[in-house]
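Below is one structure, written out as structure tokens; the observations come after it.
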Amino acid sequence: MSSARRWTPSCRNWNTSLPATRSDCRNADAPPREEVIETALAAGETAEEPENPVPNPTIRRTIRVPLKPMSLEEALLQAELEGAPVYMFHDADANRACVLVQVEKGVYDLIEGLG
């Protein structure tokens, strides 16, 4: 005669007796779950955290850049020559403002303005 074994997630082990209930695994000395929850909620109501309001975003500085009309290839070369991590230019082919952002040496992200 084989004994039936079943995994019970509440116990996190194998029980050979069926049916297994949550009370089979509960520590006899532990307080009931509802009491633990009520205690935690009561503690949370009394403990006040100091409020640190998040400051509004501010502009640290403004840099004005003359947008020279150029092709994307020319802007890449110019950005490499200047060694700037960010390079803004006017794309003459697409007729819009664009920004090159250096990701790593020789690799850039292109941000194209719309509108």
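Observations, loosely collected:
- Among residues of segment 97-113, those that are free of Cβ contacts under 8 Å to residues at least 24 places away in the same chain and either under 21 Å from Pro69 (Cβ atoms) or of a type outside the set (A, V, I, L, M) (or both), counted: 9
- Qualifying residue in segment 103-110 (condition: modelled with pLDDT of 95 or more and of a type in the set (Asp, Glu)): yes
- Taking (1) surrounded by 10 or more Cβ atoms within 10 Å (Cβ to Cβ); (2) modelled with pLDDT of 80 or more in turn, Ile59 satisfies each apart from (1).
The values are calculated or read from the model by the stated rules, or taken from the named source; none is laboratory data. None of these values were measured; they are calculated from a predicted model. As a convention, Cβ positions derive from the backbone with ideal geometry for all residues, glycine included, and neighbour counts pool all protein chains shown.
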